[in-house]
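Accompanying notes for the structure given below.
Every number here is computed from the coordinates shown, using simple stated rules; none is lab data. The model shown is predicted, which means the values in this text are computed figures rather than measured ones. As a convention, Cβ positions derive from the backbone with ideal geometry for all residues, glycine included, and neighbour counts pool all protein chains shown.
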Amino acid sequence: MTRKQRRLTMIGGSLTVLALAVALVLNAMRDSIVFFSTPGMVAEKHILPGKRFRLGGLVENGSLVRGDNLAVSFKVSDGNATLPVAYKGILPDLFREGQGVVAEGALDPSGVFRADTVLAKHDENYMPRDLADALKKQGHWKDDYGAKTDDNAKQAKQGVSQ
Amino acid sequence: MIAEAGHYALVLALGLALIQSTVPMLGARWHDAALMNVARSTALAQLLFALASFAALVTLHVTSDFSVVNVFENSHSLKPLIYKITGVWGNHEGSMLLWVSILALFGGLVAAFGNNLPLSLRAHVLAVQAWIASAFYLFILITSNPFLRIANPPIEGRDLNPVLQDIGLAVHPPMLYLGYVGFSISFSFAVAALIEGRIDAAWARWVRPWTLVAWIFLTLGIAMGSYWAYYELGWGGWWFWDPVENASLMPWLAGTALLHSAVVMEKRNALKVWTILLAILTFSLSLLGTFLVRSGVLTSVHAFATDPTRGVFILLILCTFIGGSLTLYAWRASALKQGGLFAPISREGALVLNNLFLTTACATVFIGTLYPLALEVLTGDKISVGAPFFNLTFAPLFVPLMIAVPFGPLLAWKRGDLLGAAQRLMAAGIAALIAFAVLWAWTRGGSALAPLAIGLAVFVIAGALCDLAERTGLFRAPVATAVRRARGLPRSTWGTAFAHAGVGVALIGIVCETTWNSEYIGSMKAGDVAKIAGYEVELDSLAQRQGPNFREMVAQFTVSLDGRRLSEMTPSKRNYPARGSSTTEAALLTRGVSQLYISLGDTADGTIAVRIYHKPLVLLIWFGPVLMAFGGMLSLSDRRLRVGAPKPARAPRGLQPAE
């Protein structure tokens, strides 16, 4: 083989692998990406039952009900709308009423959000960035979430402007 | 006083770094040996001052001097001593100080052991190293000074985030940083080579041990971090495809590729331009990791504090170094001479294939990690890219790579014999088929995917053994001859075999854990028994206990198998009043390489929510990387590659008489 042929083999091989990777990425992008919504956005966008998404908002005060065998239900609100959430399992260490939460799952036909994951918060002031952002946008931001979360929100805006 | 001394030492280190980044360059330009030698002394002095600064911060933490903001925010007088020390890097400012100290350490090592490097190359390498150091010293001094004082010192500190109060913090960040920052050496060598416009096999012989050192630490650091997350977070997961984890995986993938392409360059003087690019990319990905974690773009437990000025500053550093080095690469790379020729089927070809798959896999991780950020900036849509994405992209790319791994070492340089290699791998192939058939039969027609994956892993492990057997002539020659040959094999050959086998071992662990993991979640009260994977787990009692800086609820479980009492397990849930936060301390029972895992949830009138997992062969997930790192160390101890001894050994060991 000449140098040229060898180089062509190399380039051909690289392109094959690259094409494979692009196909894999595009395929995965179609199926496995999860969007973030607040209860208000859920009402607006008419998300179909069974479509997975991440729900963020505040756990409504007094809405947490513990059922049998670790089943829990609570309501998530963003000020405009509320959405009932059902979950089975152990809630993260810092799950509290009146605090922010992000849950992943899908709506069932009756309009209840069936969560299979409730995201853990890492400290008492931590608010998922998506949520802090969404709350700010809708004017439901309360200053008593603490300085740290405020920084997060600023950071988030920073991220947008960059 | 100590704080001010530490601050001053840091300023001096910056001053020295600035000298080191300019004077040797001028010296190299004017061919002035004295000026070029400035690099060596400034690098060593800079190391001294960086370490002094770091030692000052450690002293402040140990003595609980709450007049320093950093100590006040992250320490508590009741905290055990070990966490007072590890708490130094359990926060943004301290971890950046650790980062630069390690950077100075690597610079100092090159200065100390680089006597046999060409003078101008050493000057250039150390100058580039000093550019990076200067940027990060400035970053610390301007945006994240750990030595700031408080006007009215409080009596008590705010305590360290309880999740971080663990022995994992003592090991994981320093290891990871030794890895991340270690790649700065290969970066500096690459940039120095581009500046000099000259690169040869001696260059690769120098770069390889440094890359190997960084790679070993990064491998161990990632594995350690994964095990820490596994037992500390209480979810029983060991890899979440979290952006922060991906940030460490990307340099690892690129670094692994670099390690392999450096072999081609050293042995065959080929792939020069590509190796240089990989060296630049690997460190760029390390910088990107630092940016992602430190800037607060991602909010996670790793982003200790978020502050826009820091994010912008690191982004600037990132753009300067990545942009600058890539521009230099585009400008100078064509000047480097092309090296030796090789056929597509050859050892070189196999290593090119390895590089192709590793970098492509790295690119998919890169896309999955940064696409959500980019999309949010461009359209405002918020998405999360989680495990499913990576399982669908990363895994398929790793399968062909794994199939190819055993072939590589069996192919000859320049022109290989694929058929011959396949014949020599027959035994490995048969072992893989047997493993697959047995497992498939055992799972009785369940999904064939897991048995196939394990078959693949067995193929990789057996392939590594085949390579050793082939080289020593085991089963063909008398045992004594084989043993003698085994002794004579270069350590790097053994290293390769161990590292490749490690990949297979980790794969077995990953497949077993994800496929045959069983889980019990429920609420239990004293006397209740949970049955999982044949084990009976009984809750004996619940009790409150007071720790040094926390209160905990301890549950005592008795585990029995077939009516025989095995052991007790005591998971707990801790509450740290200083921060008003709680952590879940999981209890682990190791049986062979499998584990039983219990973590606690909420308590409600005498019952407690309990999560019990049985994780078959889970420890293999971390034994694999340990084996890989061991392979790396063996390879590092090879005479030919020993750090600071780039000259070949005088006599090959194989020729020495057997004792």
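Under 19 Å of direct C-alpha separation, and excluding same-chain neighbours fewer than eight residues apart, B:Lys337 reaches these aspartates and glutamates: B:Glu196, B:Asp200, B:Glu266, B:Glu348.
Every Cα-Cα pair of the protein assembly as shown was included, and the share exceeding 36 Å stands at 51 percent.
Averaged over the residues of peptide B:159-166, the number of Cβ atoms from other protein chains lying within 10 Å of each residue's Cβ is 1. Net charge dipole, the protein assembly as shown: roughly 3580 debye, given to the nearest 20, about the Cα centre with Cβ charges of +1 for Lys and Arg and -1 for Asp and Glu. Normalised size of the range B:321-388, defined as Cα radius of gyration per 2.2 N^0.38 Å with N residues, equals 1.65. Here is the result for the range B:37-95: no chymotrypsin sites (Phe, Trp or Tyr not before Pro) lie in DSSP coil with at most 10 other C-beta atoms within 10 angstrom of their C-beta. Let me know the shape class of the range B:445-600, please: from the alpha-carbon gyration tensor, a ≥ b ≥ c as square roots of the eigenvalues, rounded when a/c is under 1.5, otherwise prolate if a/b is greater than b/c, or oblate. Prolate is the answer for the range B:445-600, as a/c is 1.5 or above and a/b outweighs b/c.
When the Kirkwood radius is taken over all Cα pairs of chain B, what Stokes-Einstein diffusion coefficient follows at 37 °C and 0.692 mPa s, in µm²/s? The partial results should precede the final answer.
Numbers: Rh = 26.9 Å.
Result for D is 122 µm²/s.
In this structure, the residue pairs whose Cα-Cα separation is over 20 Å, taken from A:Lys4/B:Lys267; B:Lys272/B:Lys414; A:Lys88/B:Lys382; A:Lys45/A:Lys88; B:Lys79/B:Lys573, are A:Lys4/B:Lys267; A:Lys88/B:Lys382; A:Lys45/A:Lys88.
Volume per residue for the range B:370-480 equals 168 cubic angstrom (convex hull of Cα atoms).
Counting each DSSP H run of 4 or more residues in chain B as -39500 (n - 2.57), what helix-only mean residue ellipticity at 222 nm follows after dividing by all residues, to the nearest 500 deg cm²/dmol? Intermediate results must be reported in sequence, preceding the final value.
Details: 20 runs with 410 residues, N = 659.
Calculated mean residue ellipticity at 222 nm is -21500 deg cm²/dmol.
Distance between the modelled labels on B:Arg591 and B:Leu328, one decimal in nanometres: 5.7 nm (7 Å Cα→Cβ projection). Relative to the current alpha-carbon distance between B:Leu44 and B:Ile167, full extension at 0.36 nm per residue lengthens the span by 41.2 nm. The simple spin-label model puts a point 7 Å past each Cα toward its Cβ; for B:Arg551 and B:Ala335 those points are separated by 7.0 nm. Quick check: Cα centre of the range B:435-493 to Cα centre of the range B:251-298, how many Å? Comparing the Cα centres of the range B:435-493 and the range B:251-298, I get a distance of 30 Å. Computed from the C-beta positions of B:Lys414 and B:Val377 and an R0 of 56 Å, the FRET efficiency is 0.70 to the nearest 0.05.
Taking loop as defined by DSSP and a crowding limit of 11 other beta carbons within 10 Å, which trypsin sites (Lys or Arg not before Pro) in the range A:1-64 fit?
Details: sites: A:Arg3, A:Lys4, A:Arg6, A:Arg7, A:Arg30, A:Lys45, A:Lys51, A:Arg52, A:Arg54; in loops: A:Lys51.
Those that pass, being in a loop and sparsely packed, are A:Lys51.
Spin-label model, B:Ile150/A:Asn61: points 7 Å from Cα along the beta carbon direction are separated by 3.1 nm.
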